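Working notes, structure below.
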Amino acid sequence: MSQERNQYQPDTNAVRISIPKTDQMEHSSPMFLTSSFCFDNAEEMRATFADETDFNIYSRFSNPNVDEFVEKMCALEGAEAGFATASGMSAVFAGFMSLLKTGDHLLSARAIFGSTHTVITKFLPKWGIETSYFDMTDTAAGIEAMIKPNTRMIFVETPSNPGLEIIDLQLLADIAHKHNVILNVDNCFASPVLQRPIAYGADLVTHSATKWIDGQGRVLGGVVVGKKELIKEIYTFCRSTGPAMSPFNAWVLSKSLETLYVRMERHSASALTLATALENNPHLLSVKYPFLPSHPQYNIAKKQMSGGGGIVCFELKGGLQQGVRFLNSLKLLSLTANLGDSRSIASHPASTTHAKLSEQEREISGITPGLIRISVGLENVKDILEDIQQALDASK
Ligand SMILES: *Cc1c(COP(=O)(O)O)cnc(C)c1O
């Protein structure tokens, strides 16, 4: 893909970046469902294996559809390079395993995705990688004080899943760079449309493409983009260990990127409408949304995000049992373990995704008993709001 394809505004690049046309002159990129690629002769094959050409060899290493998706993600995030993986978790894992070794220390925010927490607490210690957590509300000095001589990476999710906690990326990048530590940001909730961590100094940006990037709940995918020399390590690790994104999923996800900007605008606008309308609902203790002035880190959100995103959280008055009754009273919203879909989704972390944690563990992760997470879809916001309101009335 030539450099000049990356010359436009990000929303144009998301639509227009594509692999070169074949002789058929197709308008839409075809799907390259092939495991391997051919060579004209032995010399060309030798040169390709010796890294003297950039021809494709095998789809575990690279594939045209995957390249197109990665190229777009790099353009959207303002990154030098990237590598796409089979899921968001394989992207998170590849980032850790390729850049951390026995004796290194990973400093992570406590408010992170459940499976990332499992990787950090259960698996990294098995390989002698030290880990510790800071709180999203810790002061810059407090976080800096947790950096050790062997700290190699800071990992953070902002806004966090599911608690929507937000941290100042610029501040974190300054701390990381002062100590020569890699800043790796899971940008899943904001998407590159609403937040570009590299512009604030992040070295790596990790995504679950399964969520807003797909946007229609169809395929799994993940991607890491960032500094060329770091991505090279991730590529080398993945090329041999095999978490490659399938060409089919890459084709789907690249098509999805064409509509990401218009979708995120609509998701954000509807979510803000919903959050504002629910703020004074008598059945709720609180409503949390990055672009509500009542959000504790509202000023940071306004500074580093161009929209609040599609997730709204609220706390029911009746706690755990009330959460279960609320889910049972919904008529339109789906009960499903995903987010970032065109269809609105409600989830109750305390009785589902975080049910295995102790009450105390949930509390320090910001999962209160009556916490409901709404992934605001593309339906008419009036219907979404009415369904939530009738379920709140019916379940009180
Ligand atoms: C879903 C999610 C992941 C994991 O992605 P998968 O595609 O499900 O593997 C990682 N981080 C965040 C913030 C997520 O929401």
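The alpha carbons of region 45-104 stretch over 39, 30, 20 Å along the principal axes, in descending order. Electrostatic tally near Val70: other residues with Cβ closer than 12 Å to its Cβ, Lys and Arg +1, Asp and Glu -1, net -4. Loop-located GluC sites (Glu not before Pro) in region 333-396 (DSSP state not H, G, I, E or B) with no more than 16 neighbouring Cβ atoms inside 10 Å: Glu379.
Looking at the chain alone, DSSP beta bridges between its own residues are antiparallel in about 55 percent of cases. Residue exposure proxy: Asp214, Asp40, Asp174, Asp186, ordered by other Cβ atoms within 10 angstrom of their Cβ from fewest to most, comes out as Asp40, Asp174, Asp214, Asp186. Computed from the Cβ-Cβ distance with R0 of 30 Å, the FRET efficiency linking Ala199 to Ala269 stands at 0.85. Net charge dipole, the chain: roughly 880 debye, given to the nearest 20, about the Cα centre with Cβ charges of +1 for Lys and Arg and -1 for Asp and Glu.
Once the convex hull of the alpha carbons of region 79-234 is built, what does its volume come to per residue, in cubic angstrom? All intermediate terms of the calculation are to be shown ahead of the outcome.
Values: hull volume 15.6 nm³, N = 156.
In region 79-234, the Cα hull volume divided by residue count equals 100 Å³.
Each Lys and Arg Cβ is given +1 and each Asp and Glu Cβ -1; about its Cα centre, region 261-394 then shows a dipole of about 220 debye.
Could you please tell me the mean projected area of the C-alpha convex hull for the chain, averaged over all directions and given in square nanometres to one decimal? Mind showing how you got there, number by number?
Details: hull surface 80.3 nm².
Averaged projected hull area, Cα only: 20.1 nm².
With only Cα atoms counted, region 261-394 has Rg and Dmax values of 14.2, 40 Å. Cross-link check: pairs Lys178/Lys211; Lys227/Lys302; Lys126/Lys232; Lys21/Lys228; Lys302/Lys382 evaluated at a Cα-Cα cut-off of 29 Å; pairs beyond the cut-off: Lys178/Lys211. The convex hull built on the alpha-carbon positions of region 2-69 has an orientation-averaged projected area of 5.6 nm². Summing charges over neighbours of Asn180, with a neighbour being any other residue whose Cβ is under 14 Å away from its Cβ, gives -1 when K and R count +1 and D and E count -1.
At q = 0.14, 0.23 Å⁻¹, what log₁₀ I(q)/I(0) does a Debye calculation on the Cα points of region 72-127 give, no solvent, two decimals? Log-scaled intensity ratios, in q order: -0.46, -1.02.
Using R₀ = 56 Å, calculate the FRET efficiency as 1/(1 + (r/R₀)^6) where r is the Cβ-Cβ separation of Ser294 and Ser240; round to 0.05.
On the way: r = 49 Å, r/R0 = 0.87.
Efficiency for this residue pair is about 0.70.
Within region 155-287, all pairs of alpha-carbon atoms sorted by distance into 5 Å bins from zero give the percentages 2, 9, 15, 18, 19, 16, 10, 6, 3, 1, 0, 0. Local charge for Met146 was computed over the other residues whose Cβ lies under 12 Å away, with Lys and Arg +1 and Asp and Glu -1, and equals -2.
Only the coordinates and a few stated rules stand behind these numbers; no lab work does. Just so you know, these numbers come straight off a predicted model, no measurement behind them. As a convention, Cβ positions derive from the backbone with ideal geometry for all residues, glycine included, and neighbour counts pool all protein chains shown.
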